[in-house]
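Visitor: Attaching a single structure in structure tokens format; questions to follow.
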Amino acid sequence: MLRIGDFSKLSRISIRMLRHYDEIGILHPESVDDFTGYRYYSESQLPLAGRIQALKSLGFGLSVIKEILGKYEDVREMERFLLVKRKELEEEALETRQKLMLLDSTLKWMRKDGNLMDYNVTLKTVPERHVASVRQVIPAYDREGLLWEIMCRELEGQNVQQATPCYGMAIFHDEGHKEHDPDVEIQNAVVGTYQDTEHVKFKTVPPIQVASATYKGSYDQISRVNKAVADWVVANGYDFDGKSFCIYHVSPSQTDNPEELVTEVCFPVRKK
């Protein structure tokens with residue numbers, strides 16, 4: 001029999017954790033001295049301790065480990081647990097990569113004195129355009145690609161000629177920001193006359209005056225750009241006057257590198 005200190009050294013599990021494992025029912029001592037309260041373990045329990053440590057290293061919590069240990073000899077059940085954990089870790093890794101991209105983007109826009117770089121805001125008029133348009137409620141803003149896929153698929157047989165510039169854009173029709181199911185419209189300026197399809201509609205849109213800011217890099221900057229435009233609108237005596245939209249000068253369809261994207265954030269405005 002091994003005293004708890006010796007078992008701790010052999011299993012590489014701290015005495016505190018061995019006591020905790022006993023309390024939650026994962027690893028009980030082989031025996032406990034009724035008089036002294038000393039815990040004693042047997043050498044045959046070392047493989048079980050090793051399993052617990054291995055499962056912890058894979059990222060399983062103790063409550064799940066307790067469940068797994070009861071099914072450790074069932075290969076199919078073990079595979080199920082491992083596949084679930086793998087999926088969780090993939091999602092965590094994706095979230096971490098997104099956070100790292102945001103951090104990198106923020107660092108690139110930092111001045112030496114620690115302030116965020118200003119964005120240049122201009123007043124301009126987007127001219128009248130004849131456009132191909134798709135408007136739908138989509139699951140989330142980052143699923144906008146669904147609309148572009150619809151447009152490409154339904155216009156494939158018409159040999160549609162894009163205008164130059166094509167003013168490829170997304171218009172956000174909801175009154176405010178939505179966590180789910182935003183109402184989004186995409187437009188591409190075209191030259192010529194074409195037939196409407198099930199989801200693609202052709203129309204002429206009038207010119208519109210906007211306050212806009214163009215930036216290069218990932219879409220994580222959008223909140224800072226929006227603030228820069230909002231500050232300009234207030235400071236220069238304008239009111240917001242319509243649905244905001246983004247013009248994609250270099251879009252995800254043209255590059256896989258988020259740092260190469262070029263986006264123009266536009267807010268329709270009118271003089272007070």
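The values are calculated or read from the model by the stated rules, or taken from the named source; none is laboratory data. What you see is a predicted model; the values in this text were computed from it and never measured. All Cβ positions, even for glycine, are placed from backbone atoms using ideal geometry, and neighbour counts span all protein chains on display. The protein model used for the area step is the full one, side chains on, heavy atoms only, and it has no ligands, DNA or RNA in it. Shrake-Rupley method; radii C 1.70, N 1.55, O 1.52, S 1.80 Å.
Visitor: Using the Cα centre as the reference, give the magnitude of the dipole from point charges on the C-beta atoms of segment 186-244 (Lys, Arg: +1; Asp, Glu: -1; all else neutral), rounded to the nearest 20 debye.
Guide: 120 debye
Visitor: Add -39500 (n - 2.57) for each DSSP H run of 4 or more in the chain, then divide by its residues: what number comes out at 222 nm, to the nearest 500 deg cm²/dmol?
Guide: Numbers: 7 runs with 96 residues, N = 272.
Helices in the chain give a 222 nm mean residue ellipticity of -11500 deg cm²/dmol.
Visitor: Leaving ligands and nucleic acids out of the surface, order Asp6, Asp256, Asp22 by accessible area at 1.4 Å, largest first. Numbers along the way, then the final one.
Guide: On the way: Asp6 75, Asp256 155, Asp22 30 Å².
Sorted descending by solvent-accessible area, the residues read Asp256, Asp6, Asp22.
Visitor: Continuing with the same structure: Sorting Val233, Val75 by accessible area (1.4 Å probe), largest first, what list results?
Guide: Sorted descending by solvent-accessible area, the residues read Val75, Val233.
Visitor: Express the carbon and sulfur contribution to the solvent-accessible surface of segment 167-272 as a percent, rounded to the nearest whole number, probe 1.4 angstrom. Write down the numbers at each step before the final one.
Guide: Numbers: 2710 of 5450 Å².
Looking at segment 167-272 in its full context, I get 50 percent from C and S.
Visitor: Summarise the accessible area of segment 1-71 (1.4 Å probe, protein heavy atoms) by the percent that is carbon and sulfur. Intermediate values should be presented prior to the final figure.
Guide: Values: 2250 of 4310 Å².
Exposed carbon and sulfur together represent 52 percent of the surface.
Visitor: Related question: For the chain, build the charge dipole from Cβ charges (+1 Lys, Arg; -1 Asp, Glu) around the Cα centre, then report which of Met101, Ala189, Leu155 sits farthest towards its positive end.
Guide: Comparing the listed Cα positions along the dipole, Met101 ranks first.
Visitor: Okay, next question. With every protein chain left in place, what is the accessible area of Tyr141 in Å² (1.4 Å probe, nearest 10)?
Guide: Ignoring ligands and nucleic acids, Tyr141 comes out at about 70 Å².
Visitor: Return the long-range amide H neighbours of Val269 (sequence gap of 5 or more, or a different chain), with a cut-off of under 5 Å between placed amide H atoms.
Guide: Under 5 Å from the amide H of Val269 lie the amide H atoms of Gln209, Val210, Ala211, Asp241, each far enough along the sequence or on another chain.
Visitor: Something else now. Taking Lys87 as the anchor, which aspartates and glutamates have their alpha carbon closer than 16 Å to its alpha carbon, excluding any fewer than eight residues away along the same chain?
Guide: Glu77, Glu79, Glu95
Visitor: Right, another one. Give me the distance between the Cα centres of segment 235-265 and segment 147-226, rounded to whole Å.
Guide: A separation of 11 Å, based on Cα centres.
Visitor: Work from the charge dipole of the chain (Cβ charges, +1 for Lys and Arg, -1 for Asp and Glu, about the Cα centre) and give the residue of Tyr40, Phe245, Gln221 farthest towards its positive end.
Guide: Gln221
Visitor: Tell me which of Val121, Leu261, Ala54 sits at the most positive position along the dipole axis of the chain, charges placed on C-beta atoms (Lys, Arg +1; Asp, Glu -1).
Guide: Val121
Visitor: Lysines near Lys71 by alpha-carbon distance under 18 Å, same-chain residues fewer than 8 away left out - which ones?
Guide: Counting by Cα, and skipping residues close in sequence, Lys71 has these lysines nearby: Lys56, Lys85.
Visitor: Under a point-charge model restricted to the Cβ atoms of Lys and Arg (+1) and Asp and Glu (-1), what is the dipole moment magnitude of the chain relative to its Cα centre, in debye to the nearest 20? Intermediate values should be presented prior to the final figure.
Guide: Details: 35 positive and 42 negative charges, 147 e Å.
Value, rounded to 20: 700 debye.
Visitor: List the GluC sites (Glu not before Pro) within segment 6-60 that fall in a DSSP loop (any state other than H, G, I, E or B) and whose Cβ has at most 14 other Cβ atoms within 10 Å.
Guide: Numbers: sites: Glu23, Glu30, Glu43; in loops: Glu30.
Listed in order of number, the matching sites are Glu30.
Visitor: If Lys and Arg each add +1 and Asp and Glu each add -1, what is the summed charge of the other residues whose beta carbon sits under 13 Å from the beta carbon of Val205?
Guide: On the way: positive: Arg129, Arg135, Lys201, Lys203, Lys243; negative: Glu128, Glu185.
Net charge in that neighbourhood comes out at +3.
Visitor: Can you tell me the dipole magnitude for segment 161-210 around its Cα centre, using point charges on the Cβ only (Lys, Arg +1; Asp, Glu -1), in Debye to the nearest 20? Working shown, then result.
Guide: Details: 3 positive and 8 negative charges, 74 e Å.
Result for segment 161-210 is approximately 360 debye, rounded to the nearest 20.
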